[in-house]
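Student: I have a structure here, written as structure tokens, and I will follow up with some questions on it.
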Ligand code: GLY
């Protein structure tokens, strides 16, 4: 089943190279089954190159490689010209574009570009609060003291830069931010806040809140998924047992709340009616994260069995019930992702990150290829 799903994904991606040209896909709107595209200006622009690198790795087709390499040129221009890089998602942007090129081909200029991107992310460090600020300029009244759970996925860029350069400061910043996230974003029942605020004057912790979730105290399913994968990656780099424990707890919370068809709604606390939107992207991200966790657990560990079973049933449902297999001219791989339901942004649509994590999970299952968050083991 995985092989068939990958081959379908590669077919769609091949057609998309022609359709998109040098434009980069983001989300669809109004369930149009057409991606909106941009000139590499969004936080999501790394996922398309990530899909292209994975597609190239699957069968060695140079058409995917050449399209992926062209996007890296575009990322070089984006960094040089400072185009919308003043946010924490610089990690997503460059991990899946230039860092992927380094991992796949050992291209030195791609490595250098990725190191420059890590330096841009470091500029978001706020000493007083001991955090990496997610959004907005320093001292911004609403976002100046704000962290978000998604940021955990951007930290592998810093860990990688520490490995590459020997400069421990990258690792230290990532490590402290991870601990702040563990303390303040993860709640006692293993659910999570999407965002958390600190006092910019004193550095004190203030309160949890949400941006894309149902309400401030709810658990936004995609946020929980970012946490599952993010803490698992933090454990890979930092090897602190409590990080694996946190990743596992978040994953078990997620696994225990799957609806009947094993693909989550957009928030765990939203009232469920026949109209409630799903977020297929959250299930795809969580599946990739659960595989990352399972890799650290012994064969007989019951948690490993639980997580692998969850991945299997979620992915089976994504392939059978949510993928675009059998749909003529579909541009996306997964239907029924949601960007921000409460805010009215693409509540039932393609999301390029959902497509990326769906393909990454398939590639992990079929080929053992884990994406571009860390160097491959020899
Ligand atoms: N990182 C933003 C989102 O998940 O929508």
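What follows draws every value from the coordinates through simple rules; no lab data is involved. Note that the structure is predicted; figures quoted are calculated from it, not measured. All Cβ positions, glycine included, derive from the backbone under ideal geometry; neighbour counts span all protein chains shown.
Student: From the list 258, 250, pick out the single residue that is within 17 Å of residue 305 (Cα to Cα) and part of a helix (DSSP H, G or I). Spell out how you get there, then give the answer.
Tutor: On the way: 258 fails: part of a helix (DSSP H, G or I).
It is 250.
Student: Any idea how many residues of segment 24-41 are surrounded by fewer than 21 Cβ atoms within 10 Å (Cβ to Cβ) and either under 15 Å from the mean Cα position of the chain (by Cα) or more than 16 Å from the ligand (Cβ to nearest atom) (or both)?
Tutor: 7
Student: Among (1) away from the ligand (no atom under 16 Å from the Cβ); (2) over 20 Å from residue 255 (Cα atoms); (3) part of a helix (DSSP H, G or I), where does residue 181 come up short?
Tutor: (1)
Student: Would you tally the residues in segment 89-106 being away from the ligand (no atom under 16 Å from the Cβ) and under 25 Å from residue 352 (Cα atoms)? Steps first, answer last, please.
Tutor: So in segment 89-106, the residues away from the ligand (no atom under 16 Å from the Cβ) come out as 97-106.
Of the ones still in play, those that are also under 25 Å from residue 352 (Cα atoms) are 97-105.
Selection size over segment 89-106: 9.
Student: With 155, 113, 121 as the choices, which residue is over 30 Å from residue 224 (Cβ atoms), touching a residue at least 12 places away in the same chain (Cβ under 8 Å) and under 21 Å from the mean Cα position of the chain (by Cα)?
Tutor: Just a single option satisfies the conditions, and that option is 113.
Student: Being over 14 Å from residue 42 (Cα atoms) and part of a loop (DSSP other than H, G, I, E, B) is the filter here, so list the residues in segment 69-84 that pass it.
Tutor: 81
Student: Can you pull out every residue in segment 321-352 that is within 15 Å of the chain's Cα centre (by Cα) and over 15 Å from residue 278 (Cβ atoms)?
Tutor: Within segment 321-352, just 352 meets the criteria.
Student: If you don't mind, another one. Scanning segment 325-340 for residues that are over 16 Å from residue 13 (Cβ atoms) and outside any loop (DSSP other than H, G, I, E, B), which turns out nearest to the ligand (Cβ to nearest atom)?
Tutor: That would be 340.
Student: Which of (1) out of contact with any helix residue (DSSP H, G or I) (no Cβ under 6 Å at 6 or more places or on another chain); (2) in contact (Cβ under 8 Å) with a residue 24 or more places away in the chain; (3) surrounded by 15 or more Cβ atoms within 10 Å (Cβ to Cβ); (4) not in a helix (DSSP H, G or I) is the odd one out, the single condition residue 128 does not satisfy?
Tutor: Only one criterion is unmet by residue 128, namely (3).
Student: In segment 201-216, what count of residues is obtained for those that are in a loop (DSSP other than H, G, I, E, B) and surrounded by 14 or more Cβ atoms within 10 Å (Cβ to Cβ)?
Tutor: Of the residues in segment 201-216, 6 are in a loop (DSSP other than H, G, I, E, B) and surrounded by 14 or more Cβ atoms within 10 Å (Cβ to Cβ).
Okay, residues lined up against (1) within 16 Å of the ligand (Cβ to nearest atom); (2) outside any helix (DSSP H, G or I); (3) surrounded by 17 or more Cβ atoms within 10 Å (Cβ to Cβ):
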{"position": "14", "(1), (2), (3)": "no, no, no"}
{"position": "19", "(1), (2), (3)": "no, no, no"}
{"position": "58", "(1), (2), (3)": "no, no, yes"}
{"position": "67", "(1), (2), (3)": "no, no, yes"}
{"position": "86", "(1), (2), (3)": "yes, yes, no"}
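Student: Next question, about the same structure. For segment 187-222, give me each residue that is within 17 Å of residue 252 (Cα to Cα), more than 16 Å from the ligand (Cβ to nearest atom) and touching a residue at least 24 places away in the same chain (Cβ under 8 Å).
Tutor: The answer is 189, 190, 191.
Student: All but one of (1) assigned to a loop (DSSP other than H, G, I, E, B); (2) over 22 Å from residue 356 (Cα atoms); (3) in contact with a helix residue (DSSP H, G or I) (Cβ under 8 Å, 6 or more places away or on another chain); (4) within 16 Å of the ligand (Cβ to nearest atom) hold for residue 143; state the number of the condition that does not hold.
Tutor: It is condition (3) that residue 143 fails.
Student: Going through 137, 49 one at a time, which residue ends up being in a loop (DSSP other than H, G, I, E, B) and away from the ligand (no atom under 16 Å from the Cβ)?
Tutor: After applying the criteria, what remains is 137.
Student: Which numbered condition trips up residue 318, out of (1) away from the ligand (no atom under 16 Å from the Cβ); (2) over 18 Å from the mean Cα position of the chain (by Cα); (3) under 24 Å from residue 277 (Cα atoms)?
Tutor: Failed condition: (2).
Student: For segment 27-63, enumerate the residues that are in contact with a helix residue (DSSP H, G or I) (Cβ under 6 Å, 6 or more places away or on another chain) and without any contact (Cβ under 8 Å) to a residue 40 or more places away in the chain.
Tutor: Residues satisfying the conditions are 37, 52.
Student: Of all the residues that make up segment 254-267, how many are in contact with a strand residue (DSSP E or B) (Cβ under 9 Å, 6 or more places away or on another chain) and more than 12 Å from residue 286 (Cβ to Cβ)?
Tutor: 5
Student: Could you list, ordered by first residue, the pairs with Cβ atoms under 8 Å in which the first is in segment 303-331 and more than 18 Å from residue 281 (Cα to Cα) and the second is assigned to a loop (DSSP other than H, G, I, E, B), at least 6 apart or interchain?
Tutor: 303/297; 304/297; 304/298; 327/33; 329/33
Student: OK, next. Is there a residue in segment 262-271 that is surrounded by fewer than 19 Cβ atoms within 10 Å (Cβ to Cβ) and at negative phi?
Tutor: yes
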